[in-house]
1. Sort out which residues of the range 146-172 are basic (Lys, Arg) and loosely packed, with under 14 Cβ neighbours inside 10 Å, and write them in order of number.
2. Can you confirm whether the range 122-142 contains a residue that is at pLDDT 85 or above and within 30 Å of Ile45 (Cβ to Cβ)?
3. Out of the range 52-79, which residues are of a type outside the set (Phe, Trp, Tyr) and closer than 12 Å to Arg150 by Cβ?
4. What pairs can you find where one residue is in the range 41-69 and assigned to a helix (DSSP H, G or I), the other is polar (S, T, N, Q) and modelled with pLDDT of 90 or more, and their Cβ atoms are less than 6 Å apart, with a gap of 6+ or different chains?
5. What's the number of the condition Ile47 fails, among (1) more than 30 Å from Leu159 (Cα to Cα); (2) modelled with pLDDT under 90; (3) not polar (S, T, N, Q)?
6. Would you tally the residues in the range 145-179 being among the polar types (S, T, N, Q) and closer than 16 Å to Thr76 by Cβ?
7. If you go through the range 123-141, how many residues are surrounded by fewer than 19 Cβ atoms within 10 Å (Cβ to Cβ) and either more than 29 Å from the chain's Cα centre (by Cα) or among the basic types (Lys, Arg) (or both)?
8. Which of the numbered conditions does Ser144 fail, given that it passes all the others? Conditions: (1) within 23 Å of Asn61 (Cβ to Cβ); (2) under 23 Å from the mean Cα position of the chain (by Cα); (3) not hydrophobic (A, V, I, L, M, F, W, C).
Amino acid sequence: MATGKTTAKKGTQGRKSTARKTASSSSRKSASKKNNKQYTFNDDIPILVALAISLVLLLSNFNLAGAVGKAIAKVTFGALGIMEYIIPFVLFLIVAFMVVNKGSMVARVKLVAIIVTAALMCTFFQLLIVDVVPLDSSFGKIISYSSDKRIGGGLLGSLFFKLFSPMGLIAAYILTLIF
């Protein structure tokens, strides 16, 4: 009959090694120390300023900021067109992203990609009104029509619109959507 005892091999499973640490384990620890950045109140200031500016832009877009807000909305629409409604959110997210990823080259590349995407979106919105404002229209006519009717891509969209216009409408759409 069995006595209920189990015989297990005694090994080194539960023991800690007293051997020296390898280079890979010490480099892992130093890498983790580098990733633990200390954030201070100074890091929060750009985020708070971006939040305040974003709120003013957002309120201005919907005529909730008085006469000054109306002027701000006119300028931002003149510069960015329909993107005026998206920019307050993008501005805040960009600043927060850059504060969190301070000094990161990858973050800078992503920032440039976001800015280029915003510019191409302005161009796309400007291309959508090409049936009303033809490709060969003057620069001033494009901007004034867009500003009066509150459509289009604003100054930024008009710049790329005029840049792509010698290639034709279909090529302008393709270039805008590819990039």
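1. As a first pass, look at the range 146-172 and keep what is basic (Lys, Arg): 149-150, 162.
Those that are basic (Lys, Arg) and loosely packed, with under 14 Cβ neighbours inside 10 Å: Lys149, Arg150.
2. So far as the range 122-142 goes, yes, one or more of its residues are at pLDDT 85 or above and within 30 Å of Ile45 (Cβ to Cβ).
3. Applying the first criterion (of a type outside the set (Phe, Trp, Tyr)) to the range 52-79 yields 52-61, 63-76, 78-79.
Of everything in the range 52-79, those that are of a type outside the set (Phe, Trp, Tyr) and closer than 12 Å to Arg150 by Cβ turn out to be Asn61, Asn63, Ala73, Lys74, Thr76, Gly78.
4. Gly69/Ser60
5. For Ile47, the exception is condition (2).
6. Filtering the range 145-179 down to residues among the polar types (S, T, N, Q) leaves 146-147, 158, 165, 176.
Restricting the remaining residues to those that are closer than 16 Å to Thr76 by Cβ gives 146-147, 158.
Going through the range 145-179 one residue at a time, the tally reaches 3.
7. The number of residues fulfilling the criteria is 9.
8. Status for Ser144: all satisfied but (2).
The values are calculated or read from the model by the stated rules, or taken from the named source; none is laboratory data. Keep in mind that what you see is a predicted model, and the values were worked out from it rather than measured. Note that each Cβ is placed from the backbone with ideal geometry, even for glycine, and that neighbours are counted across all protein chains shown.
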